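Read through the structure below, which is laid out as structure tokens, and then see the notes.
The values are calculated or read from the model by the stated rules, or taken from the named source; none is laboratory data. Not measured: the values here are computed from a predicted model. In this analysis, Cβ positions are derived from the backbone assuming ideal geometry, glycine residues included, and neighbour counts consider all displayed protein chains.
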Amino acid sequence: MRAKAIRIHETGGAETLRWDEIEIAPPGSGEVLVRHTAVGVNYIDVYHRTGLYPVPDPPVVLGVEAAGVVEAIGPGVTTVKTGERVAYGGGPLGAYAELARVPAERLVRVPASISDEQAAAMMLKGLTAHYLLRRTYRVQRGDTILFHAAAGGVGLIACQWARHLGATVIGTVGSDAKAPLARANGCDHVIVYTREHFPERVRALTGGAGVPVVYDSVGQATFDDSLDCLAPFGLMVTFGNASGPVPPVNLAILAMKGSLFLTRPTLATYAAKREDLLAAAEELFDVVASGAVRVTINHRYPLAEAAAAHRALEQRGTTGSIVLIP
């Protein structure tokens, strides 16, 4: 079966994204053929494109998040049926395509209360927000937390969710233009980290105490100052590298700054077991369906124009989620 897809033939800039015709084999044992109706764009796609995160030998189809309809099932598949609406986030690679073969164990059914675009916009980002807030550090009512990139795809979901859990949310954004969006999506306080010394603001907002957890997907530009925001025994959660990877860390600094903890979690680990994936997806769908968390899709592009989406994302010109439409 033939289908159109966005592939890279070598790593590099957005210009390496090519609109190709590919051959899709029938689904094998344990696999499902999904016809995509909406595809999510995430910063990890940029890391794959540039080679920061290695991918299989090119040419390779990018993308790890999508929603669609089951077109065919392979031998041994009992978890989904032909015609059902499904979604996945976190892999495998291949979402930037009209059709993809996906392991059945990675798919979740999409409830009627959630649209295909919502599902594609929130599976990876929403499941990331889930493990950050519910497992890496379990946010409790009364906590004050710091969340970087609060106007980004993960940030908008996570900050609303943290507020719903009863936390006071301090969010950072990269420009004044993004501050109103962060305030409208769960942030009690917003700091423009590109022009404000955010550790000083965090200390002021917490009466000098600091916060028990910092969630940081910005990376190099914010890592050192983030440590100065933590209370003793606080947890530094670094889960992305939008400004570049964090340089090697002298672990002695964690002792000097208050016996701090440091973790570099991934969704792949937290959702490795199917029961964990299903439980997280159910909780995510519930908070969205209830209205406690709104999924903001501010940018839509035809799948063929994925390069434009990547350029906008890298230039920090986006807020909320980006969706590609096949």
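List of remarks:
- Checklist (1) within 22 Å of V64 (Cα to Cα); (2) modelled with pLDDT of 95 or more; (3) surrounded by 14 or more Cβ atoms within 10 Å (Cβ to Cβ); (4) of a type outside the set (G, A, S) applied to T269, failing item: (3)
- Being touching a residue at least 60 places away in the same chain (Cβ under 8 Å) and closer than 26 Å to V154 by Cα holds for only one residue in L93, L107, and it is L107.
- Residue within segment 276-297 that is closer than 28 Å to E21 by Cα, without any contact (Cβ under 8 Å) to a residue 60 or more places away in the chain and under 18 Å from the mean Cα position of the chain (by Cα) present: no
- Selected residue [in the same structural domain as A306 (by TED's automatic domain parsing) and either in contact with an Asp or Glu (Cβ under 7 Å, 6 or more places away or on another chain) or hydroxyl-bearing (S, T, Y) (or both)] from L33, L17, L52: L33
- Residues that are under 19 Å from L124 (Cβ atoms), polar (S, T, N, Q) and without any contact (Cβ under 8 Å) to a residue 40 or more places away in the chain, drawn from segment 10-59: T50
- Where strands (runs of 3 or more DSSP E) fall wholly inside segment 121-193, no range has 3 or more residues that are without any contact (Cβ under 8 Å) to a residue 12 or more places away in the chain and over 26 Å from A272 (Cβ atoms).
- Members of segment 194-213 that are in a loop (DSSP other than H, G, I, E, B) and basic (K, R): R195
- One residue stands out among those in segment 166-221 that are hydroxyl-bearing (S, T, Y) and buried (at least 16 other Cβ atoms within 10 Å of the Cβ): the one that is nearest to the chain's Cα centre (by Cα), which is S217.
- Segment 12-43, subset among the hydroxyl-bearing types (S, T, Y) and under 30 Å from G155 (Cα atoms), residue farthest from the chain's Cα centre (by Cα): T16
- Residue match in segment 229-239 (condition: part of a loop (DSSP other than H, G, I, E, B), in contact (Cβ under 8 Å) with a residue 24 or more places away in the chain, buried (at least 22 other Cβ atoms within 10 Å of the Cβ) and not hydrophobic (A, V, I, L, M, F, W, C)): no
- Members of segment 92-120 that are under 20 Å from the mean Cα position of the chain (by Cα), part of a loop (DSSP other than H, G, I, E, B) and polar (S, T, N, Q): S115
- Those residues of segment 169-209 which are over 24 Å from T128 (Cβ atoms) and not aliphatic (A, V, I, L, M), in sequence order: D176, R195, E196, H197, P199, E200, R201, R203, T206, G207, G208
- Hey, A104 surrounded by 18 or more Cβ atoms within 10 Å (Cβ to Cβ) and assigned by TED's automatic domain parsing to the domain that holds A25 or not: yes
- Test: residue in segment 51-64 that is under 25 Å from G219 (Cα atoms), modelled with pLDDT of 95 or more, not in a loop (DSSP other than H, G, I, E, B) and not small (G, A, S): no
- Sole residue being crowded, with 17+ Cβ neighbours inside 10 Å and closer than 20 Å to H299 by Cβ, chosen from G13, G90, G68, G94: G68
- Entry remark, segment 63-78: residues being more than 20 Å from G126 (Cβ to Cβ) and either polar (S, T, N, Q) or under 18 Å from the mean Cα position of the chain (by Cα) (or both) number 1 in total.
- In segment 301-316, the qualifying residues are those that are surrounded by fewer than 22 Cβ atoms within 10 Å (Cβ to Cβ) and under 17 Å from the mean Cα position of the chain (by Cα), and the one that is farthest from H148 (Cα to Cα) is A312.
- Hey, S259 polar (S, T, N, Q) and either assigned to a helix (DSSP H, G or I) or not assigned by TED's automatic domain parsing to the domain that holds A177 (or both) or not: no
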